[in-house]
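The values are calculated or read from the model by the stated rules, or taken from the named source; none is laboratory data. Treat the numbers as computed from the prediction; the structure is a model and nothing was measured. Positions of Cβ are backbone-derived with ideal geometry, glycine not excepted, and every protein chain shown enters the neighbour counts. Protein only, heavy atoms only, side chains kept; ligands, DNA and RNA dropped before computing areas. Shrake-Rupley method; radii C 1.70, N 1.55, O 1.52, S 1.80 Å.
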Amino acid sequence: MILVALRDRSGSNSGDARRVGGGAVSVVREPRVGVLLVNLGTPDTPSVKDVRRYLREFLGDPRVLDVHPVLRWYLLNLVFLPFRPRRSAAQYASIWTAAGSPLLLHSRALTTALQQRLGSSVTVDLAMRYGQPTVDNALDRLMAAAVDRIIVVPLYPQYASSAGGTAIAHVMRRAAERWNVPPIEIVADYFDDPRFIEALCRSVRPVLDGFDPDFVLMSYHGVPERQVRKSDPSGDWCLQSDRCCEGIDQANRWCYRAQCFATSRHLAAGLGLASHQTGTAFQSRLGSDPWIRPHTDRMFGQLAAAGVRRLAVVCPGFAADCLETIEEIGDRGAHAWSALGGEAFQLVPCLNAEPGWVDALAGMIEARIGIEASVGSI
């Protein structure tokens, strides 16, 4: 029997079996690919109630608060949730727009632009690890679109178990609960992908040219030191020396800190920045345990003391502007810089739905789609 993929003039496959010249001819549907973008998440509203519900799900994740379950329950219910939701709600309210959460708006815009870029043979959907839209609902939509396989892209350029790792694990767990389990491929990280670096350069360069900074600080979300050590299979490399993140090899292949420094090196090179013009730091500490260094807020003081007056901050670990970029860096960071005597401060917007980023992401996905044979024989 000859298998032939028949198309009508519109380019779609015909669904009818045909018999030509006495030979059985079966119509083969062109394989359809689903793409699932996964971001962190956001409260439904900036109300204390919704923020508390969001933080309960987020901080209740054992990959985020990776301590003994009893201690996690204690910290969640007796330390964080009684006090933090009210403060966080005020911070969310300060960045909320008439259309809703900036993180969700930018993520949806990226999803729409990527769908247009990839075309009708690919179905692109969006899910959040915590909150809405859920992974379950996104998987439902992709399966209803009759996709044959799904490419999952966590919107975290650098891998961390508490970010990309939990997104991947959650998608796989939800998919595995289905009777028909779709084939799934993961884009785990792309911290040094040339397409990602080029998109960053194209986005950052015009802002720096217009601002003319004395120094460019690249700020990433921090993680506890224990999580970095747990990512080291050798157990004797990560955080064991000041030079442990100067390169990436087998020992620190999964090291979030090393990947952040690698992104910074590539971005600095692409922008033509000398070593004395740029640095890397980590923000958003939570709790009293040691977090990876250097710390962004403390770097501000060191830079001001060194005579820097015009500071630009880039956040290459965030795919979309959110609470940590707009409020923590753009608002509180700018005020802190002014209080330290700084003359000018510039937060460089994240990639969001920039055309260069859409093209870069499409290129990563297209490289994984490959070419499926539509004609064969049995």
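Helix by helix, which DSSP H runs in the chain go 18 Å or more along their axis at the Cα atoms and have an average Kyte-Doolittle hydropathy of 0.0 or more? In the chain, the long hydrophobic H runs are 102-118, 194-211, 256-271, 355-369.
In segment 225-322, which chymotrypsin sites (Phe, Trp or Tyr not before Pro) fall in coil by DSSP and have 12 or fewer other Cβ atoms within 10 Å?
Hits after loop and neighbour filter: nothing returned.
Taking only protein heavy atoms into account and a 1.4 Å probe, give the accessible area per residue of segment 248-378 in Å².
Value returned for segment 248-378: 45 Å² of accessible area per residue.
Name the shape class, rounded, prolate or oblate, that the alpha-carbon gyration tensor gives for segment 65-110, where a ≥ b ≥ c are the square roots of its eigenvalues, rounded holds for a/c under 1.5, and otherwise prolate holds if a/b is larger than b/c and oblate otherwise.
Judged from the Cα gyration tensor, segment 65-110 comes out oblate (a/c at least 1.5, b/c at or above a/b).
Can you work out D for the chain in µm² s⁻¹ from Stokes-Einstein, where Rh is the Kirkwood radius over C-alpha pairs, the temperature is 10 °C and the viscosity is 1.306 mPa s? Approximately 70 µm²/s, per Stokes-Einstein.
The dipole here belongs to the chain: it is taken about the Cα centre, uses +1 on the Cβ of Lys and Arg and -1 on the Cβ of Asp and Glu, and is about 760 debye. Taking the 1.4 Å solvent-accessible surface of the chain as the whole, the part contributed by carbon and sulfur is 53%. Bridge orientation summary for the chain: considering DSSP beta bridges with both residues in this region, about 20 percent are antiparallel.
Taking one quarter of the surface of the C-alpha convex hull of segment 294-366 gives a mean projected area of 5.6 nm². Taking the Cβ-Cβ separation of residue 98 and residue 236 as r and a Förster radius of 51 Å, what is the calculated FRET efficiency to the nearest 0.05? Calculated value: 0.45. In the full protein context, segment 122-218 carries 39 Å² of accessible surface per residue, based on a 1.4 Å probe and ignoring ligands, DNA and RNA. Projecting the Cα atoms of 156, 73, 206 onto the charge dipole of the chain (Cβ charges, centred on the Cα centre) puts 73 farthest toward the positive pole.
Between segment 70-129 and segment 136-166, the C-alpha centres lie 15 angstrom from each other.
DSSP beta bridges confined to segment 178-334 are antiparallel in about 10 percent of cases.
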